[in-house]
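The values are calculated or read from the model by the stated rules, or taken from the named source; none is laboratory data. This structure is a prediction, so every number in the text was calculated from the model and none was measured. Every residue, glycine among them, receives a Cβ derived from its backbone with ideal geometry; neighbour counts consider all protein chains shown.
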Amino acid sequence: MGKARREPDAERLARRVRVGGPGKRTGGNTGTAPWADLTTIAHLNDYEGNPEARPLSRQELQLFLDYADDQVERAAMSRRKGALAAYRDATLFKVIYGWGLRRTEASKLDLLDWGRNAAAPEFGRFGMLHVRYGKAVRGQPPRRRNVASVMGWAVEAVTDYVDNIRPRFGLVDHPALWVTERGGRIKPAEINARFVTYRDALGLPKALTPHSLRHSYVTHLTEDGADRRFLQEQVGHRCDTSTAIYTHVSGDFMNTALRKALEPALDVPASNSKES
């Protein structure tokens, strides 16, 4: 084990930056993120019942993931150290959102936690994610769960990272999915730090935390019509009320749903309109 043997070729790494979110890239973003000391930012409270917690809107999510991708490209083209770590973190945020993970769950993932899903063969060896360190009930061990892959763009991102970027860290025998250049496993506090750096550089609300990506997963899939029971199993909630806390559908979604609900009432028969 040890540090990566060398930084990736700048142009090849820059070309490998994938789509940053559940849609097409919207172009480069302005602003420069400071490369913060990842050990100095205080631990963030991601308690699930925090009334200030909220998901990212789809626009905020796209902006955030695009910005994370842009930092990879900037580091690679400037040939400065940190391109590998930036690529790792950009992919990590996509995985947290794409599989609705908690920060600690994501940090403890191993390469062998991925597997195939017969119901989704198009995702290959990344069709199912086995989460081994889910939130534990007091006095009990961490709860395990299987999370089915549902977002093709996220599968593409993690596939590219595992096949082309992680090997450049030079840690062939390390089990962790997210490794550091010093040969360790990325820590939850480091995930917080990078998220805060990008969030603040973009001027996004400080109420947003890495846990907001998990909230976003539930909210966006709810807007897209996903079954509530399916989502409950995906995120590992013991009861439906916990899943309901995570659902903060957008105003546009609510207005569309309202119009759809009112359509039958507004469809007044022609004969009734002639009555005096």
| What number of residues within the stretch 108-163 satisfy the criterion of being in contact with a His (Cβ under 7 Å, 6 or more places away or on another chain) and more than 15 Å from Val235 (Cβ to Cβ)? | 2
| query | Pairs, please: C-beta under 6 Å, at least 6 apart or cross-chain, first residue in contact (Cβ under 8 Å) with a residue 40 or more places away in the chain and in the stretch 120-134, second assigned to a loop (DSSP other than H, G, I, E, B)? | reply | Gly134/Pro142; Gly134/Gly236
| request: Return the residue satisfying two criteria in turn: it lies in the stretch 86-104 and is at pLDDT below 95 and part of a helix (DSSP H, G or I), and of such residues it is nearest to the chain's Cα centre (by Cα). | output: Arg103
| Only one of Arg103, Arg168 is over 23 Å from Leu61 (Cβ atoms) and among the charged types (D, E, K, R); which? | Arg168
| query | Within the stretch 106-121, is even one residue part of a loop (DSSP other than H, G, I, E, B), at pLDDT 95 or above and over 20 Å from Phe230 (Cα atoms)? | reply | yes
